[in-house]
1. Of the chain, which part is the longest with no GluC sites (Glu not before Pro) in a loop (DSSP not H, G, I, E, B) and with at most 16 other C-beta atoms within 10 angstrom?
2. Where in the range 72-157 are there trypsin sites (Lys or Arg not before Pro) that are in a DSSP coil and have at most 12 other Cβ atoms within 10 angstrom of their Cβ?
3. Given R₀ = 45 Å, what would the calculated FRET efficiency be for residue 228 paired with residue 94, taking r from the Cβ atoms and rounding to 0.05?
4. How compact is the chain by the rule of thumb for globular proteins, expressed as Cα Rg over 2.2 N^0.38 Å?
5. So how much slack lies between residue 250 and residue 312, counting 0.36 nm per residue of separation and subtracting their Cα-Cα distance, in nm?
6. List the residues, sorted by chain then number, that are 5 or more residues from residue 144 or on another chain and whose placed amide H is less than 5 Å from its amide H.
7. Where in the range 63-159 are there chymotrypsin sites (Phe, Trp or Tyr not before Pro) that are in a DSSP coil and have at most 10 other Cβ atoms within 10 angstrom of their Cβ?
8. Taking amide H atoms as placed 1.01 Å from N in the peptide plane, list the residues 5 or more away in sequence, or in a different chain, whose amide H sits under 5 Å from that of residue 45.
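Please treat every number below as a calculation from the coordinates, not as lab data. Please read these numbers as outputs of a predicted model, since none were measured by experiment. Note that each Cβ is placed from the backbone with ideal geometry, even for glycine, and that neighbours are counted across all protein chains shown.
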Amino acid sequence: MNQTDLYAKLEALAVNLNSVLRGKPRAVELSITTLIAGGHLIIEDVPGVGKSTLAHAIARSIDSGFYRIQFTSDLLPSDVIGVTVYSESTGEFEFRPGPIFANIVLADEINRATPRTQSALLEAMSEAQVSVERRSITLPSPFMLIATENPVEFSGTFPLPESQLDRFMLSLKIGYPAPEYEREILFSEDTAITVNNLKKIMSAEEVAVAQRAVKGVRVTPEIADYILAIATATRSHRLLRLGVSPRGTAALYRAAQGHALVKGRDYVIPDDVKGLARVVFAHRIIPVTHTGEERLQVTGNIIEELLSTTPVPL
């Protein structure tokens with residue numbers, strides 16, 4: 001697949017997703033960016049704004065394996081990873097893979113599971129493998145985890161640990177639709193039917209091709225230094241208790257490459273970095289005082305402040 005065909009595929013994918021998630025082109029763009037950059041996506045918002053719909057639409061648009069896991073307080077790590085059982089026919093123990101063994105996995109309402117179950121995803125997210133009975137098993141490639149969560153103030157939720165939040169490339173909010181789009185939703189057919197009727201735009205192999213192409217997108221030393229400057233500034237900010245990790249810096253670098261490709265370019269510009277810094281960094285840093293839903297607002301504002309004071313490369 002040449003570069004022109006790849007751009008056309010990504011544009012068609014955006015059209016496909018926008019036909020379901022009406023009036024939210026930015027959320028669609030960021031989702032595709034995460035997909036082709038090889039990252040994981042977490043969507044935090046109130047119920048009913050389309051978090052799961054977006055995840056299902058991405059899965060339906062990609063001809064690949066998909067599993068949806070409904071996270072609840074009684075979900076066990078083995079329910080996610082799989083179990084080892086004794087087979088009477090072979091006389092040996094066999095591993096039966098869990099739902100994590102898919103190209104795209106929807107962890108629905110991830111913060112309703114206990115920390116023990118949440119931590120079962122850590123290895124899968126960082127290394128695309130799981131460890132079972134002293135052996136490591138590789139997950140399908142490409143692998144993307146899309147997690148949805150309700151605000152932590154909601155009843156029955158468990159905050160995600162910082163080590164897990166740091167493994168999500170992007171965090172985004174969808175928000176309520178504008179009145180004109182909400183009116184369209186009222187008169188449209190059932191959303192589930194619409195999602196199920198989506199065309200398959202890309203295969204798993206084509207997504208893998210796109211991910212390899214992202215790594216070839218050019219980043220000048222000046223832009224790389226710009227990314228490092230923003231990340232470094234978070235580590236000494238007076239209102240932050242924890243700044244961006246090296247993993248977060250690398251995530252912004254790769255996300256900027258993915259965003260450039262989505263925009264039809266084979267090179268990164270400063271606007272790629274500026275447009276992504278908040279959604280890549282805000283969920284990774286910890287403010288001195290605020291918690292809960294306020295935390296993302298506060299950290300997002302701090303990132304905007306740092307963007308306004310960090311010199312932009314020419």
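1. The answer is 190-314.
2. Hits after loop and neighbour filter: 134.
3. Efficiency for this residue pair is about 0.40.
4. Rg over 2.2 N^0.38 Å, computed on Cα atoms: 1.01.
5. 20.5 nm
6. Amide H neighbours of residue 144, under 5 Å, 5+ apart: 104, 105.
7. The qualifying sites: there are none.
8. 149
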